[in-house]
Amino acid sequence: MRDFILFSVVTVLSILGVAAAVTYIGQGRDSQNSNSATTDLLTLVQNVQGVYGINQSFSGIQNSNVISGGMAPVAIVSGSNLVNEFNGAITVASASPNTTFTVTEDGIPNSVCAKFATSSPNSLKSLTVNGTQMLPPISPSTVATNCQAGVNQIIFEFGH
């Protein structure tokens with residue numbers, strides 16, 4: 001009986017250890033993907049501002065122009081689409097009144113939502129997390145409150 005109890009305890013501890021390791025690895029992967037997604041976003045924004053900033057207008061900007069113009073980092077280009085590190089769609093579009101543009105990032109996991117949303121450059125004009133718009137200065141706690149379990153949509157609005 002004592003051997004059976006010892007075997008049961010060892011089995012349960014082994015299962016818990018494997019579950020903890022899988023969770024830890026998953027969180028590490030999300031964090032690494034968040035860093036890559038941030039780098040890709042910053043590169044994309046800088047490239048778009050560099051190309052469109054000359055005219056002081058982002059009129060007509062869309063994914064196809066960003067891809068064909070070489071403004072999108074290669075890592076996020078998938079055929080005629082832009083895809084982030086979390087396999088969510090990225091959409092680039094002009095915003096009214098064409099002096100700003102938006103980058104919409106879909107599929108952002110809750111585990112990195114606040115960190116990713118608050119890592120944008122100084123040219124950020126507004127941030128929308130799951131439908132709630134915020135203007136700078138943006139509070140990380142407000143962002144975290146609007147991030148939800150599962151996946152999130154973040155819309156960054158940039159200008160010059």
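A short reminder: the numbers here are calculations on the coordinates, not readings from a lab. Because the structure is predicted, anything quoted here is derived from the model rather than measured. Backbone-built Cβ (ideal geometry, glycine too); neighbour counts: all protein chains shown.
Key figures for this structure:
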| quantity | calculated |
| --- | --- |
| Extension gain from Gln46 to Ser80, taking 0.36 nm per residue of separation minus the Cα-Cα distance | 10.2 nm |
| Net lengthening on full extension, His160/Ala144 (0.36 nm per residue, minus Cα-Cα) | 3.1 nm |
| Sequence-separation-based contact order of segment 104-144, relative, with Cα cut under 8 Å and 6+ spacing, percent | 38 |
| Inter-centroid distance (Cα atoms) of segment 64-89 relative to segment 105-160, Å | 20 |
| Net charge of Cβ neighbours under 15 Å - reference Thr43; Lys, Arg +1; Asp, Glu -1 | -3 |
| Amide H partners (placed H, <5 Å) of Thr99, local residues excluded | Phe58 |
| Cut-off under 5 Å, modelled amide H: who pairs with Leu82 long-range | Ile90 |
| Full-stretch length increase - Gln32, Ala93 - with 0.36 nm per residue and alpha-carbon distance subtracted | 19.3 nm |
